[in-house]
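Take a look at the structure set out below.
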Amino acid sequence: MNNWQHSFNNPVDLTDHLQKPYLRFDNKTKDATKIVFDDRTNLVWAGDTYGCVSSYDPSFSLYTRFRAHVGAIPVRDLLSHREGILSLSEDSLHFSNRRGVTMFNLTSIDIATFSGLKAMCYSSQEKQHKLYCAGENTSTGITCVDLKKGQFENVVYYNSKVKLLASNNKLICVGKQSGSVDLLDPNSNQIVKSFSAHSSTISGMDIRDYTLVTVGKSERFSNQYADPFVNVYDLRNMKQLPPISFSKGTTMGSGGAEFVQLHPLLPTVMIVATENGSFDFIDLSNPTLRKQYVHPCQSMKQLTLSPNGDHLAILESNNCLSTWSRSPTNSNFTNMPDILEFPDFADDGIQGPVSIDDYDYPLSSVGLPYYHEKLLSAWPRTIFKSPGTIPQRQIDMVNSIDNNHTLILNKLPSNSPLASLASEKFPFYRYDKNKFGHRNVMEKYVSQYDLRKRLTSDMKPEELLRYKAVNESEIPPAFARLPSTYGRFGSTSFDFEAFNKSPFSGLDKDVDNSYTNAILQVYRFVPEIYNFVVGCLKDENLDRTSLLSDLGYLYDMMARSKGNICSSSNFQVSLNSNEEASELNLTQDSNFKNAPNKIENNIPSLDHLQINQDNNKLKENYEKLQKSLSQRFNDFFLGQLIRDEKESTGHNIALEQCFGFHLETNVNASCKDYPRQLTVIPTLTVLSPTRNGVKQNNKKLNNQPILSYIETSMKRIKYINSCCDTCHKQEIVEYERTIKNLPPVLSLELVLTKSEWSTVKTIKNWLSKEFYATMLKDKAIVRSSPNDIKSTNQIFKYELNGYVARINESNNETRLVTYVRIFDSKTNSFKWYMFNDYLVVEVDEADALNISAWWKTPEIIIYCDAEELRKPFFSVDTYSINYDILYRDHFAKGVKDNVRTEYKLLSKAEAPKPGTLIAIDAEFVILNNELSEIDCKGVKTIVRAKKIALARISVIRGEIGEMFGVPFIDDYVVNNNHIEDYLTRYSGIHPGDLCPETSSRPLVTREVIYRKIWLLMQLGCVFVGHGLYNDFKNININVPKTQIRDTAIYFLQGKRFLSLRYLAFVLLGLNIQEGDHDSIEDAHTALILYRKYLDLKEKGALEKTIENLYEEGRASNYKVPENMAKSSTIQ
């Protein structure tokens, strides 16, 4: 404690790099916020208000400096790690090595609980593999991050504002904003003790071994004053010791303790300091032994001791760093410092001349010159995005692409004075004022930090669901890109209720081909399609993969979930396995990386008209149009449903009659050898009237609603130059495409150019709410009123059922949303809803019909017969369901006859009834692990989420009787895909078990086992299991909560779930899962545990038993002892 000297007389300015000319006028605070010594090297780290982290060696020369947090947000905390340095801001955590290379960077996009962070600490100072972060946001709790994996681990519920965190090897001390201190057990995530330390707030805190010291402030005379004492606590006995006074004899308001730190080597010594520069070294065992010093400064912001206790760093209020030292000869901050790494500079020597024609000389060997000054290219990007600079605008130039990749966009009128300067290859573009704002006005810069906050900030529910724009350029929050639900912690912690207050279920976006969610939603609310698709579930369809069946299960799940989120993962599995979908680039597994609404150059043009299969010469010579990804999927989807219906029933054509258009193509020419073709198409491509062969001037076209577009698209006439394949006569022929019927459901795909959309968006009420149509002389007549149709034929009334719209961001990012008009039988009226994946909100009819916004473009529109639209939605319960699969085996093709079974099938006498108790357990394998990438700024982006597949399901009888505990389902699921990890230790699945050619297991297809579980749920069975949420989520079935008995929840205290093996050992005295996991054993154990739970609850001993479970678990780290010779159970 003696011999301390002020060793650095010329303090270093930690904010020197922030005093640059280009940062002078940004109106931001330029301060150093945190300093910390490195535990392993001779470095001292400093953070500032711009998110930069710098390190200095003992001579206070700069070693490294890097931007840890994007958006110029302050560094709140720094923590030394054996591999580098951890930096914390209010919404992000950055981990880099000592050379400044990013190890990982987690933001509020990755972990939704990252909000208002202020402090962090390790769960154990020795291991340093888990990090706890907390702050002033009471709704996010304390977040635990796994530093080895660089991902979220769990959240500890904590509803107080946190100011400081510190830990030893057993406990975490939480310093609350209110002044009290809580002791958190990281094993159970429970508060084991609380101390009321200071009446107003806490200023400093440190813990070492079993000693905790705190300093803080109290409120006196409406002001906060630093307490003139240090609180000391003995954590071994969980008691407060007598406080130790500081700076005796000082007057009120000056000399109070502001900073405190325990000596890193001397366990009974602490340093206590005040803001005015006074600091004392005090012996805790004998407080009268103390040494007082005064640092010459106006005030100081922070004080910290080096790991070897020989150096003291002080951060002054003017952002200068000063040090004190005990030994002038010892410049090391730690006793055994690691050697610092420095960059190597290669000596390239003198480069001789090289001929430019020398193809044998590698250009990569030409080095770059070294510069002593920073190059312009090395300046931060924020310099070029700061006020006073011209923003770089990116204009969406993709409107139409012909076969020669020539861009033809929004041309100027021919009478424009600039038209002569433009060409088809390099045209001029009209300025979109709604999209880019007024001319000659600098666009407001939005940083990446603001974009992240826009996604993950604690937005009020009414703001989160706001669908009306406050100005012409804004995209309302309801249409924004939604955050991922898997993130780093799975969807169990995600608040879906904030995104959906309606009785209708949204769809999870974290699936393959998520763009299909919008199309699936729009047909979900077409009564005729829904009733037919769900009605197909009454029959078995087990021998083939069918989109029709998977769609039926999905729609049934969405109807039963009543607003809870659903997932289309099983439907996506079937879609990915469809060869035609893959050839059309509709799946994520094909070359198209799930980017909705981008244009593929290899798609046949809509104007490439084929007369027959052999004649491929008929093309049009002007601007080509192409369908978007959603429209191409819509064509395939409806066509595949028709094919699946015919293959499953053999003769039914109900879906074809529902939405099938009868298309007749005819060629009128002097030569009579052109054939007439009759086909059925599921969708109608709607073009502008001028492209359908109707001559109209621009003035008339500017006032026409969608009805003229629909009518002219039903009878399209084009004149093209053709050569007959029979007589070889070259002539101009009339090509006619005519729709010969009006189906009850009209699926329309709008394909317009950018200039045509510009015209459409200026027409009021262009999207008609209803219209009337009839067939007159083999031609469809479409009018807004029945009085406008002069015909004795039957007139059909069509009403708008919904549409899929593309949302276009100014940065060219796109996504799909769905508008649906749903009939409410209770009020006998229709209501409009908007679906944006899992966000669902009721909208006004005027907003739904308004398509004038620059960011909204309809792509698929559904009109339905008015009578069909008012039909009710029937549940599958109204049909007579085939339950035979529950009482027989249906193995996959190729399974051997001598297959080994461990179950006994149900008999008809054992037919399940509502309330029948059954126990279930499922095992899974990993098809591919998570794939992510980290950019140059350390931002981690998940390129591909982890994908798992069902491998085995076991179901056993749960009713008391002779057959209690006997399994009746034990099916292994066929999987021909590449399996990256069988998880044998946890699943019991070995390589070859899921292959029909090599397996000796009872293999079934996914369709068979899913139908069995679905039928058991349909019958009202009660499922018993351990961790059923995860099993049902990955099976992709939503079982009602009234039919679930989850033992993981029944024995839960706090947030830590207990393993099935630990519960079985402690409560039942059973040693399970000694080798590979067995799903039959796990299901049987869960069933016995449930019986034990009922018995304890009946005796009133449940709460006491759970307390004993966690108390004993903390002692054994919740693990079963390896030596099982002697077991003990809790009674």
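Every residue in the stretch 992-1015 that is open to solvent by 10 Å² or more (accessible area, probe 1.4 Å) and closer than 20 Å to SER577 by Cβ, please.
Result: CYS995, PRO996, GLU997, THR1005, ARG1006, GLU1007, TYR1010.
Mind listing just one residue for me: the one in the stretch 1083-1131 that is at pLDDT below 90, more than 38 Å from the chain's Cα centre (by Cα) and of a type in the set (Gly, Ala, Ser) and, of those, surrounded by the fewest Cβ atoms within 10 Å (Cβ to Cβ)?
Filtering the stretch 1083-1131 for residues that are at pLDDT below 90, more than 38 Å from the chain's Cα centre (by Cα) and of a type in the set (Gly, Ala, Ser), the one surrounded by the fewest Cβ atoms within 10 Å (Cβ to Cβ) comes out as ALA1125.
Does the stretch 208-216 contain any residue that is farther than 27 Å from LEU1052 by Cα, open to solvent by less than 20 Å² (accessible area, probe 1.4 Å) and of a type in the set (Ser, Thr, Tyr)? If you could, list the steps in order and put the result at the bottom.
Restricting attention to the stretch 208-216, the residues satisfying the condition of being farther than 27 Å from LEU1052 by Cα are 208-216.
This time we only want the ones that are open to solvent by less than 20 Å² (accessible area, probe 1.4 Å), so: 212-216.
The next check asks that each one be of a type in the set (Ser, Thr, Tyr); those that pass are 214.
Yes, some residue in the stretch 208-216 is farther than 27 Å from LEU1052 by Cα, open to solvent by less than 20 Å² (accessible area, probe 1.4 Å) and of a type in the set (Ser, Thr, Tyr).
Can you give me the number of residues within the stretch 953-992 that are of a type outside the set (Phe, Trp, Tyr), over 23 Å from ILE1037 (Cβ atoms) and part of a loop (DSSP other than H, G, I, E, B)? I'd like the intermediate steps shown before the answer.
Taking the stretch 953-992 as the starting set, the residues that turn out to be of a type outside the set (Phe, Trp, Tyr) are 953-963, 965-967, 969-971, 973-981, 983-985, 987-992.
Now drop any that are not over 23 Å from ILE1037 (Cβ atoms), which leaves 960-963, 965-966, 978, 980-981, 984-985, 990-992.
Still in the running and part of a loop (DSSP other than H, G, I, E, B): 960-963, 965-966, 978, 980, 990-992.
Selection size over the stretch 953-992: 11.
Return the residues of the stretch 23-41 that are of a type in the set (Phe, Trp, Tyr) and open to solvent by 80 Å² or more (accessible area, probe 1.4 Å); say none if nothing qualifies. Spell out how you get there, then give the answer.
Of all residues in the stretch 23-41, those of a type in the set (Phe, Trp, Tyr) come to 25, 37.
Within the stretch 23-41, just PHE25 meets the criteria.
Would you check which residues across the stretch 575-592 are in a helix (DSSP H, G or I) and surrounded by fewer than 22 Cβ atoms within 10 Å (Cβ to Cβ) and list them? Before you say what the answer is, go through the steps one by one.
Residues of the stretch 575-592 that are in a helix (DSSP H, G or I), as a first pass: 575-577, 579-583.
Result: ASN576, SER577, GLU579, GLU580, SER582, GLU583.
Which pairs do you get when a residue that is closer than 17 Å to ASN576 by Cβ and in a loop (DSSP other than H, G, I, E, B), found in the stretch 627-650, comes within reach of a residue that is of a type in the set (Lys, Arg) and open to solvent by 10 Å² or more (accessible area, probe 1.4 Å), reach meaning Cβ atoms under 9 angstrom, with the pair 6+ apart or on two chains?
Pairs that qualify, where the first residue is closer than 17 Å to ASN576 by Cβ and in a loop (DSSP other than H, G, I, E, B) and the partner is of a type in the set (Lys, Arg) and open to solvent by 10 Å² or more (accessible area, probe 1.4 Å): there are none.
For the stretch 239-264, enumerate the residues that are open to solvent by 50 Å² or more (accessible area, probe 1.4 Å) and modelled with pLDDT of 90 or more.
Of all residues in the stretch 239-264, those open to solvent by 50 Å² or more (accessible area, probe 1.4 Å) come to 239-243, 248-254.
Within the stretch 239-264, LYS239, GLN240, LEU241, PRO242, PRO243 qualify.
Got a sec? Which of LYS118, LYS127 is open to solvent by 30 Å² or more (accessible area, probe 1.4 Å) and under 21 Å from LYS30 (Cβ atoms)? Please lay out each step first, then the result.
Working: LYS127 fails: under 21 Å from LYS30 (Cβ atoms).
The conditions single out LYS118.
Quick check on this structure: which one of GLU645, GLU711, GLU736, GLU749 is modelled with pLDDT of 95 or more and in the same structural domain as SER630 (by the TED database)? Let's see the steps before the verdict.
Values: GLU645 fails: modelled with pLDDT of 95 or more; GLU711 fails: modelled with pLDDT of 95 or more; GLU736 fails: modelled with pLDDT of 95 or more.
Selected residue: GLU749, the only one of GLU645, GLU711, GLU736, GLU749 that is modelled with pLDDT of 95 or more and in the same structural domain as SER630 (by the TED database).
Quick check: anything in the stretch 172-190 surrounded by fewer than 18 Cβ atoms within 10 Å (Cβ to Cβ), among the hydrophobic types (A, V, I, L, M, F, W, C), modelled with pLDDT under 95 and over 22 Å from PRO242 (Cβ atoms)?
So far as the stretch 172-190 goes, no, none of its residues is surrounded by fewer than 18 Cβ atoms within 10 Å (Cβ to Cβ), among the hydrophobic types (A, V, I, L, M, F, W, C), modelled with pLDDT under 95 and over 22 Å from PRO242 (Cβ atoms).
It is to be established whether one or more residues within the stretch 1006-1021 are outside any helix (DSSP H, G or I) and out of contact with any Pro (no Cβ under 6 Å at 6 or more places or on another chain). Reasoning before the result, please.
First, the residues of the stretch 1006-1021 that are outside any helix (DSSP H, G or I): 1019-1021.
Those left that are additionally out of contact with any Pro (no Cβ under 6 Å at 6 or more places or on another chain): none.
No: the stretch 1006-1021 contains no residue that is outside any helix (DSSP H, G or I) and out of contact with any Pro (no Cβ under 6 Å at 6 or more places or on another chain).
Identify all residues within the stretch 1041-1086 that are part of a loop (DSSP other than H, G, I, E, B) and either in contact with a Lys or Arg (Cβ under 7 Å, 6 or more places away or on another chain) or under 19 Å from ILE969 (Cβ atoms) (or both); write none if there are none. Outline the logic, then answer.
Of the stretch 1041-1086, the ones part of a loop (DSSP other than H, G, I, E, B) are 1051-1052, 1054-1055, 1057-1059, 1069-1078.
ILE1072, GLN1073, ASP1076, HIS1077, ASP1078, listed by residue number.
When you scan the stretch 46-95, how many residues do you find that are within 20 Å of PRO307 (Cβ to Cβ), among the polar types (S, T, N, Q) and open to solvent by less than 40 Å² (accessible area, probe 1.4 Å)?
So the count comes out to 5.
Hey, among ARG290, ARG326, which residue is charged (D, E, K, R) and under 27 Å from ARG82 (Cα atoms)?
Values: ARG290 fails: under 27 Å from ARG82 (Cα atoms).
Residue meeting the stated conditions: ARG326.
Go through the stretch 756-770 residue by residue and tally those that are open to solvent by 20 Å² or more (accessible area, probe 1.4 Å) and closer than 10 Å to PRO705 by Cβ. Spell out the reasoning first.
Looking only at the stretch 756-770, we keep the residues that are open to solvent by 20 Å² or more (accessible area, probe 1.4 Å), and these are 756-759, 761-765, 769-770.
Within this subset, residues satisfying the condition of being closer than 10 Å to PRO705 by Cβ are 763-765.
Residues flagged as open to solvent by 20 Å² or more (accessible area, probe 1.4 Å) and closer than 10 Å to PRO705 by Cβ within the stretch 756-770 amount to 3.
Give me the pairs, please: first residue somewhere in the stretch 27-55 and at positive phi and of a type outside the set (D, E, K, R), second residue anywhere and open to solvent by 10 Å² or more (accessible area, probe 1.4 Å) and not in a loop (DSSP other than H, G, I, E, B), beta-carbon distance under 8 Å, and either six or more positions apart or on two chains.
That search, which allows pairs on different chains as well, returns GLY51/ARG67.
Filter the stretch 159-169 down to the residues that are farther than 17 Å from LEU88 by Cβ and without any contact (Cβ under 8 Å) to a residue 40 or more places away in the chain, then identify the one that is least open to solvent (accessible area, probe 1.4 Å). Explain how you work it out, then say what you get.
So the first thing to find is which residues in the stretch 159-169 are farther than 17 Å from LEU88 by Cβ, and the list is 159-160, 168-169.
The next check asks that each one be without any contact (Cβ under 8 Å) to a residue 40 or more places away in the chain; those that pass are 159-160.
Numbers: ASN159: 97, SER160: 29 Å².
The residue in question is SER160.
Across the stretch 544-574, what is the total count of residues that are open to solvent by 40 Å² or more (accessible area, probe 1.4 Å) and free of Cβ contacts under 8 Å to residues at least 60 places away in the same chain?
Residues of the stretch 544-574 open to solvent by 40 Å² or more (accessible area, probe 1.4 Å): 544-545, 560, 562, 564-565, 573.
Next, only the ones that are free of Cβ contacts under 8 Å to residues at least 60 places away in the same chain stay: 562.
The total comes to 1.
Considering only the stretch 827-838, I want to know if a residue exists there that is open to solvent by 70 Å² or more (accessible area, probe 1.4 Å) and on the phi > 0 side of the Ramachandran plot.
Restricting attention to the stretch 827-838, the residues satisfying the condition of being open to solvent by 70 Å² or more (accessible area, probe 1.4 Å) are 827-828.
Now restrict to residues that are on the phi > 0 side of the Ramachandran plot: 828.
Within the stretch 827-838, one or more residues are open to solvent by 70 Å² or more (accessible area, probe 1.4 Å) and on the phi > 0 side of the Ramachandran plot.
Counting only residues that are under 22 Å from LYS871 (Cα atoms), surrounded by 21 or more Cβ atoms within 10 Å (Cβ to Cβ) and small (Gly, Ala, Ser), how many does the stretch 504-536 have?
Within the stretch 504-536, residues that are under 22 Å from LYS871 (Cα atoms), surrounded by 21 or more Cβ atoms within 10 Å (Cβ to Cβ) and small (Gly, Ala, Ser) number 1.
Collect the residues in the stretch 771-826 that are among the acidic types (Asp, Glu), surrounded by 13 or more Cβ atoms within 10 Å (Cβ to Cβ) and in a strand (DSSP E or B), keeping them in residue-number order.
Step one: of the stretch 771-826, the residues among the acidic types (Asp, Glu) are 778, 788, 799, 809, 813, 824.
With surrounded by 13 or more Cβ atoms within 10 Å (Cβ to Cβ) added as a condition, the list becomes 799, 809.
Passing the criteria: only GLU799.
The values are calculated or read from the model by the stated rules, or taken from the named source; none is laboratory data. Keep in mind that this is a model prediction, so the values were computed, not measured. Virtual Cβ from ideal backbone geometry, glycine too; neighbours counted across all protein chains shown. Remember, those area values only see protein heavy atoms, side chains included, never the ligands or the DNA or RNA. Shrake-Rupley method; radii C 1.70, N 1.55, O 1.52, S 1.80 Å.
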